[in-house]
1. Cross-link list LYS23/LYS77; LYS53/LYS77; LYS23/LYS87; LYS23/LYS53: which exceed 18 angstrom alpha carbon to alpha carbon?
2. What's the FRET efficiency of ARG45 with VAL68 using the Cβ-Cβ distance as r and R₀ = 25 Å, to the nearest 0.05?
3. Taking amide H atoms as placed 1.01 Å from N in the peptide plane, list the residues 5 or more away in sequence, or in a different chain, whose amide H sits under 5 Å from that of THR78.
Amino acid sequence: HAERLYDIPSQIGLTAAREILMKVRGGELGDEFTAREIYRKQWSRLTDISHVKEGLDLLVDHKYLNDVELNTGGKPKTTYAVHPTIKRGVK
């Protein structure tokens, strides 16, 4: 039981990553977007910023996305660019 309990955060991140990738492939996200753009849309399983960020981190780790930190003069802004090999229009 403890193994399943401690595995919950990774499952949440994996679920979020899967949902984000489906949105990217379905054309619902552009070539570049922010975490805020995702969770503000209130899509199923993507309403919590921490879950969205976990999913984005997994997609970056596995080279589906590239993260780019922009200096805005204040708090840095992170955007995510879709890797060119990701196929669009595939759900």
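1. Violating the 18 Å limit, Cα to Cα: LYS23/LYS77.
2. Step by step, r from the Cβ atoms, then E = 0.50.
3. Those qualifying (amide H under 5 Å, at least 5 residues apart or on another chain) are LEU70.
Bear in mind these aren't lab numbers, they're just calculated from the coordinates by the rules spelled out. Source: prediction; values computed, not measured. With ideal geometry, Cβ positions are generated from the backbone for all residues, glycine too; neighbour counts draw on all protein chains shown.
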